[in-house]
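Structure record follows, encoded as structure tokens.
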Ligand SMILES: C[S@@+](CC[C@H](N)C(=O)[O-])C[C@H]1O[C@@H](n2cnc3c(N)ncnc32)[C@H](O)[C@@H]1O
């Protein structure tokens, strides 16, 4: 793909040109000084994982690190998530079985799932975390427009810096098909660390079963790690990272929701004074 080419030129323009124009897509951001806004949200000293800056997601040089990526993400994604974006995201929300008070959405992007979680659990404190300050600025604007109180912060899902056991629900939507398998396990270990015993972990992404059988599906968008994702098994990865009661359900053939729970271990029982827990 030539330098300077954008998601708009590559996908939206040719496919959806009759419904949208670039001017319309950029209208919600008119007057926004991206440099000032991203500077305000950037965490000083944050080290980006090597894979993140070196890959060209969706064929866009620079991946998610541009205003263009942030502005065009939602218009493209609404058509990429069959049969309907909110129905697909809702599969994750409807899989929550507890009543979480603190929710963390990793790789939150422009916050679409994060905001649905806040709507479903209005009393919960909801935090979205992403490596791209541009995506976070777009997420913050969406939350503001919908009058939803959600905190968006700049960070690495593999090493968030939050205290152990500080969230009772940790989610990731459409993140793992974009991370190298080794890094995915690092994020799953981090999810486990952030949950208290009984806390839930929910992951929405492409169906590994369907993707692994459909080469053409994997080639629609340029995704550097999707083949390794499709060849793997999220249930196994989650169990290896200490999560229990792991299960995956398929939705509309091309999506899956995986759920796991941090089990109680002996140390947890000792914490609550159960004599002989370590015996
Ligand atoms: C395909 S988008 C998904 C965004 C959003 N969760 C959604 O469902 O639309 C992947 C997002 O993950 C972010 N990301 C990738 N690696 C990350 C990491 N190590 N830590 C935090 N965010 C990451 C990217 O910046 C991007 O916003």
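Throughout, read-outs are computed from the coordinates displayed, never taken from laboratory work. These numbers come from a predicted model, not from an experiment. Virtual Cβ from ideal backbone geometry, glycine too; neighbours counted across all protein chains shown.
Here the simple spin-label model places points 7 Å from the Cα toward Cβ, and for residue 147 and residue 23 these points are separated by 3.2 nm.
The label point for residue 53 and the one for residue 210, both projected 7 Å from the Cα toward the Cβ, are 3.6 nm apart. Considering all alpha-carbon pairs of segment 41-165, what whole percent are spaced by more than 21 angstrom? Counting pairs separated by more than 21 Å, the tail of P(r) holds 41 percent. Measuring how big segment 1-266 is from its alpha-carbon positions, Rg and Dmax come out at 17.7, 61 Å. Modelled spin-label separation between residue 119 and residue 250, with each label point placed 7 Å from Cα along the Cα-to-Cβ direction: 2.8 nm. Take every pair of alpha-carbon atoms less than 8 Å apart whose residues are at least six positions apart; their mean separation over the length of segment 1-266 yields a relative contact order of 17 percent.
The residues 210, 160, when put in order of fewest to most other Cβ atoms within 10 Å, stand as 210, 160.
Counted by neighbouring Cβ atoms within 10 Å, the residues 72, 171 run from fewest to most as 72, 171.
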